[in-house]
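Notes for the one structure printed next.
The values are calculated or read from the model by the stated rules, or taken from the named source; none is laboratory data. Predicted model only: the values in this text are computed from it and were never measured. Virtual Cβ from ideal backbone geometry, glycine too; neighbours counted across all protein chains shown.
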Amino acid sequence: MSEKVSVKIPKDLYEKAKKFVEESGGEFKSVDEFVEFVLKEVLEEETEERVYTPEEEEEIKRRLRALGYL
Amino acid sequence: MKVFILGIDSAEPDLVFGEWRKELPTISQLMEEGAWGKISSTVPPITCPAWPSAFSGCNPGRFGLYDLRYRKLGTYTEFGIVNSRVVKVPRLWNILSKHGMKSVVAFVPVTYPPEPINGFMVTSFLTPSVRSPFTYPPQLKREVLRVVGGPSEYIIDVYDYRRKDPKELYEELRAKTEHDFKVIKYLLKNKPWDLFTAIIMSIDRAQHTLWKYFDKEHPRFVEDPELKDGLLNLHKQIDEELSEILEQLPKDTLVIILSDHGAKRMYYRINVNEILVNEGILKLKKRPRLVTGLRELDKRGVIDWSKTSAYALGAYIAQVFVNLKGREPKGVVRPGEEYESVREQIADILRNVKGPNGESLNTKVFFKEEVYKGEMLDVMPDLTVYFDNLHYGANEAVGFNSPYSLETIKGPDDSNHGEFGIFIIRDPENRTKGQLKGLKLEDVTPTVLEIMGTKGLSKFDGTSLI
């Protein structure tokens, strides 16, 4: 388990998250767990999409076509 | 103990351990002094997933890669290009970093974008351009560019190799090998390391175009005195460079030479989707009059997904995806019994494809759960097909009006990938000697970690050889 740190969020947002957790039927055990899950989802999507710019992706695809892979 | 690994992408054991052994004195000596054997590649034997498997100790079902591209979620024919962030399992250098050991990682496929490690990294042929941040730490890029003579001299890969004059290609591949070894030797001399690993790509590129000049059994064999030793000479060049490197390594360094897959002569390609169309498995609203790629057919709305039960991807090795309900955007095949029977039906059709003269082919069909395990099993192809045990390649395009073709729409090709690579290990403590059997790529990482004294800290599909 990696080290934990505290993050501040607006109280009304916290209350909404808490309600979501309570209604989640046990999927999330705490607001902490819920927030961690949401952040991970967002960040993972971001990093995957940002690896290549559209121009770079086209350039690599052109090369892979020349290599016979596409 | 320090470990030095040189990967020679696509080096074929039947050549390196066989007819060319005497021509490669350095490799030959390492074999005599250490242990060696054929190493099973991944299914399929393609650069990616093979190198990530070797460097993670995991089968591809754990990291979800089956080619240099991957299907984007929720699409049939939109593809992402494999990159370091797609591989979620830790690789050798990540594990060593955690244990405070330093790695130098040079030209290893699927490392772009480079990630922070305890050590130094120069990424491989999937680097977009010289402008890209292709090193870790970022300032290493300036040193690397200086070593090769500036940004205009930096070679990421040899491009468009099937359209070039073969002699010109040969010269470019020699230059690429020399360029890469310049960087490797610079890093060896100037950076601290516990693990040094570098991959040379030129043999892979050469085999697709220069195979027909040495192999008299190749159906398209060409007699050419200048090119007949082309592929061998590219091997010799690496052997000579390796000799120079071995002299510079500290005495207690364990040396591993390996390839991610081999190569074999390719006769024809099987037009898999054409066959699936003929069998009513892949439904087209209209047959194309010209040879048309699968992606293009999908973009034009020609594929009737509501009546399609499967389709195939892959240029060398066919990857069949069932149009499974709940997984595919317009899935029609129900999971369970129907899914199983569709796979059996397709496997049966493809196993029975004959050669152009009616000859039987030694075709192998792998069902995904037989060859993969892990969290990413769901994204792996439902079937992977080695036509004539890889002597026949595959084609995705439709419109050939024949189950076979010599070319893809991109041009001809001499060789396909082989299911075995080479593996040589020279241990200064002589813990392993002679010929080894039953090796697989997944064994490489556990072996290296055992040697480096970090045994038992991670879980792998492979096992240590020592």
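Structure above, values below:
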{"read-out": "Subset of the range B:164-211 (residues that are within 14 Å of chain A (Cβ to nearest Cβ) and closer than 22 Å to residue B:258 by Cβ)", "value": "B:173, B:176, B:201, B:202, B:203, B:204, B:205, B:206, B:207, B:208, B:211"}
{"read-out": "Test: residue in the range B:68-82 that is of a type in the set (Phe, Trp, Tyr), in contact (Cβ under 8 Å) with a residue 60 or more places away in the chain and over 23 Å from residue A:58 (Cα atoms)", "value": "no"}
{"read-out": "Options B:154, B:161: the member that is surrounded by 15 or more Cβ atoms within 10 Å (Cβ to Cβ), more than 14 Å from chain A (Cβ to nearest Cβ) and of a type in the set (Phe, Trp, Tyr)", "value": "B:154"}
{"read-out": "Count of residues meeting criterion [within 25 Å of the chain's Cα centre (by Cα) and farther than 16 Å from residue B:415 by Cα] in the range B:189-226", "value": "6"}
{"read-out": "Yes/no for residue B:395 being over 24 Å from residue B:46 (Cα atoms) and out of contact with any Leu (no Cβ under 8 Å at 6 or more places or on another chain)", "value": "no"}
{"read-out": "Some residue of the range B:393-415 being at pLDDT 95 or above, in a loop (DSSP other than H, G, I, E, B) and crowded, with 18+ Cβ neighbours inside 10 Å", "value": "no"}
{"read-out": "Criterion: away from chain A (no Cβ under 14 Å) and touching a residue at least 24 places away in the same chain (Cβ under 8 Å) - qualifying residue of B:302, B:332, B:379", "value": "B:332"}
{"read-out": "Segments classed as strands (runs of 3 or more DSSP E), wholly inside the range B:223-304, with at least 2 members that are small (Gly, Ala, Ser) and crowded, with 16+ Cβ neighbours inside 10 Å", "value": "B:262-265"}
{"read-out": "Residue match in the range B:365-373 (condition: within 24 Å of residue A:69 (Cα to Cα) and hydroxyl-bearing (Ser, Thr, Tyr))", "value": "yes"}
{"read-out": "Restricting the range B:54-99 to residues that are of a type in the set (A, V, I, L, M), within 14 Å of chain A (Cβ to nearest Cβ) and touching a helix residue (DSSP H, G or I) at 6+ places or on another chain (Cβ under 8 Å), the residue that is surrounded by the most Cβ atoms within 10 Å (Cβ to Cβ)", "value": "B:82"}
{"read-out": "Residue satisfying all of: in the range B:108-137; aromatic (Phe, Trp, Tyr) and within 12 Å of chain A (Cβ to nearest Cβ); surrounded by the most Cβ atoms within 10 Å (Cβ to Cβ) among these", "value": "B:112"}
{"read-out": "Counted residues, the range B:111-121 - those being hydrophobic (A, V, I, L, M, F, W, C) and touching a Leu at 6+ places or on another chain (Cβ under 7 Å)", "value": "1"}
